[in-house]
1. Work out from phi, with θ = phi - 60° and the Karplus expression 6.51 cos²θ - 1.76 cosθ + 1.60, the ³J(HN,Hα) of each residue of segment 99-111, listed in order in whole Hz, and give x for Gly and Pro.
2. 222 nm [θ] for the chain, helices only, -39500 (n - 2.57) per DSSP H run of 4+, per residue, to 500?
3. Of all trypsin sites (Lys or Arg not before Pro) in segment 79-135, which ones are in loop regions per DSSP and have a Cβ with at most 16 other Cβ atoms within 10 Å?
4. Cut-off is 10 Å between beta-carbons; in what order do LYS252, LYS269 appear when sorted fewest neighbours first?
5. Residue by residue, what Karplus-based ³J(HN,Hα) values in Hz, rounded to whole numbers, does segment 114-120 have, using 6.51, -1.76 and 1.60 with θ = phi - 60° and x for Gly and Pro?
6. For segment 1-79, which chymotrypsin sites (Phe, Trp or Tyr not before Pro) pass both filters: DSSP loop (anything but H, G, I, E, B) and at most 14 other C-beta atoms within 10 Å?
7. May I ask what percent, to the nearest 5, of DSSP beta bridges between residues of the chain are antiparallel?
8. Can you tell me the length gained on complete extension of the stretch VAL176 to GLN14, counting 0.36 nm per residue apart and subtracting the Cα distance?
Amino acid sequence: MPLSFTSASGILAQFDLLAVSHADAVTHVRLNRPAKRNALSDTLIQQLHSCFVNLPKATRAVVMSGEGDHFCAGLDLSELVDRDAAAGVLHSRMWHAAFEQLQFGGVPVVAALHGAVVGGGLELASSCHVRVADETAYYGLPEGQRGIFLGGGGSVRITRLMGVARVTDLMMTGRVYDAQEGLHAGLSQYVVPAGEALAKAIELAERIAGNAPMSNYAVMHGLPRIADQSMGEGLFTESLMAAVAESTPEAKDRLRAFLDKRAGKVVKK
Ligand code: 1HE
């Protein structure tokens, strides 16, 4: 049965550029600035940060989407004022803080992508843990054309997803990837028919929300850090993470359920 979402209350109801709703353990955060193609103004970045600090207590997974015809048009170019270098660093660091809260917060985030996923919009998407694109989605890094550089973590996160060579190509030549090219490059893990990304993202979020929280936490926090470590450090970190996850009551219950033949098997679809 499809989940029935209700609007969030408290501080989460006060954001004018985000629409936040929840159903059981899944919280839906929607960029809600369609007239400006969900362009990321300073206020929207601050609201995203605050939203991920203040998620409803019951949240075990988040779905992130965009209202209107596009997921996100990136940085709000109308706010690109004449900043000196120090102010520019602080502005970029404000984005980093918001997206760090999203990537390394308490729960996994599934992005539902459609239409333009460009510039800062792709930086936002790359901070999420699972990306579902519909066939209308397309990806670009127009920073090169606009005379600026990535500033929302993209040079770190997007290069980790698809490699320095592809990011260089998109930024220097203005190349745009369609949904299928994005899938093959590693930008999304799924492509679904037009209009179906949100439903698929909610389905995946429900499944993720059913995992043991420490398993999800280990995947979110452990995997990317281990990938950045040397082999020796990575293997040691893995052992620590594995020991923590295995020692939780949820892990013990789940292993017992399998041995008692009460748990599902891994089957081919
Ligand atoms: C905007 C923005 C924006 C739209 N900042 N206002 N990002 C870009 O270079 C992408 C720029 N945007 C576009 O290429 C197009 O707007 C779209 C392909 C995303 C959508 O096209 P379309 O035809 O549906 O909409 P539109 O008519 O272009 O835009 C509708 C309105 O949104 C219009 O405002 P209006 O007052 O004239 O109605 C646009 O000006 C406004 N709008 N995108 C401000 N981005 C931390 S570093 C990150 C660096 C970057 O992200 S660089 C990439 C910036």
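Each reported figure results from applying straightforward, stated rules to the coordinates on display, with no laboratory input. These numbers come from a predicted model, not from an experiment. When we count neighbours, we look across all protein chains shown, and the Cβ atoms used for this are built from the backbone with ideal geometry, even at glycine.
1. Values per residue, Gly and Pro as x: 6, 5, 4, 6, 6, 10, x, x, 9, x, 10, 10, 8 Hz.
2. -13000 deg cm²/dmol
3. Filter output for segment 79-135: ARG83.
4. Values: LYS252 12, LYS269 2.
Result, fewest neighbours first: LYS269, LYS252.
5. After applying 6.51 cos²θ - 1.76 cosθ + 1.60, I find 8, x, 5, 10, 10, x, x Hz.
6. Sites meeting the loop and neighbour criteria: none at all.
7. Details: 10 of 31 bridges.
Approximately 30 percent, going by the DSSP bridge assignments.
8. 54.8 nm is the gain from fully extending VAL176 to GLN14.
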